[in-house]
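*Asks:* Next up is a structure, given as structure tokens.
The values are calculated or read from the model by the stated rules, or taken from the named source; none is laboratory data. Because the structure is predicted, anything quoted here is derived from the model rather than measured. With ideal geometry, Cβ positions are generated from the backbone for all residues, glycine too; neighbour counts draw on all protein chains shown.
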Amino acid sequence: MTNSSDGINVDIRANGEKLETVQSFKYLGAIVTDEGSGPEILSRIAQTTSAVTKLKLIWKDRNITLRSMIRLMRSLVTSIFLCACESWTLTADIERRIQAVEMRCFRRLLNISYRDHISNQEVRNRIAQAIGPYDDLLTIVKKRKLRWYGHVTRSTGLAKTILQGTVPGGRRRGRQRKRWETTIPEWTGLKTA
């Protein structure tokens, strides 16, 4: 895969054999594309929805308390969604999608339909009554991203060079794409290195 805005194809050969140029590939379960983290997040949302659907059979058993059901969801479903979330570039649209997938999971867990006209705040209140104060999914993603940023900034390895490095050349015209590190100063109020 190449990362070029002007569509230049590079002929790369290994052992005399030409390597195929692709637009996306799957590496360690994560989708890597030249479009950013959008396709990866959509894939994680689909996997999360599938996992919640599979847990529905367990949740029908009324011998399980709400607290236990939430623990099951957080350990089995949330972990699927949060895998490699530190690398995501969070836009306003992606943040809305993260909040929506969390509400979808909670509504399925509580067996609340959207036709019941129960607000998202009421759903959050019911969850908080069952388990106490908790961090929502978007807050967890932001904390993990900040933790990763701090780890990389304090290190001296290749990750720091890549994160803080620059590429020669000028910027393209128009509005620039949101970059991974642009959200760090917004969340912390501090300037990045």
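*Asks:* Does the range 151-163 contain any residue that is on the phi > 0 side of the Ramachandran plot, of a type outside the set (A, V, I, L, M, F, W, C) and exposed (fewer than 12 other Cβ atoms within 10 Å of the Cβ)?
*Replies:* Taking every residue of the range 151-163 in turn, none turns out to be on the phi > 0 side of the Ramachandran plot, of a type outside the set (A, V, I, L, M, F, W, C) and exposed (fewer than 12 other Cβ atoms within 10 Å of the Cβ).
*Asks:* Within the bounds of the range 41-54, is there any residue that is out of contact with any helix residue (DSSP H, G or I) (no Cβ under 6 Å at 6 or more places or on another chain), farther than 21 Å from residue 143 by Cβ, surrounded by 12 or more Cβ atoms within 10 Å (Cβ to Cβ) and at pLDDT below 85?
*Replies:* So far as the range 41-54 goes, no, none of its residues is out of contact with any helix residue (DSSP H, G or I) (no Cβ under 6 Å at 6 or more places or on another chain), farther than 21 Å from residue 143 by Cβ, surrounded by 12 or more Cβ atoms within 10 Å (Cβ to Cβ) and at pLDDT below 85.
*Asks:* If you check residue 94 against the conditions, is it part of a helix (DSSP H, G or I), over 23 Å from residue 129 (Cα atoms) and not polar (S, T, N, Q)?
*Replies:* yes
*Asks:* Quick one: how many residues across the range 27-40 are among the charged types (D, E, K, R) and modelled with pLDDT under 75?
*Replies:* The total comes to 2.
*Asks:* Just to be sure, is residue 178 in a loop (DSSP other than H, G, I, E, B) and within 20 Å of residue 85 (Cβ to Cβ)?
*Replies:* Spelling it out, residue 178 is indeed in a loop (DSSP other than H, G, I, E, B) and within 20 Å of residue 85 (Cβ to Cβ).
*Asks:* Return the residues of the range 103-150 that are charged (D, E, K, R), outside any helix (DSSP H, G or I) and surrounded by 11 or more Cβ atoms within 10 Å (Cβ to Cβ); say none if nothing qualifies.
*Replies:* Residue satisfying the conditions is 136 alone.
*Asks:* Consider the range 35-62. How many of its residues are over 13 Å from residue 85 (Cα atoms) and outside any loop (DSSP other than H, G, I, E, B)?
*Replies:* Qualifying residue count, the range 35-62: 14.
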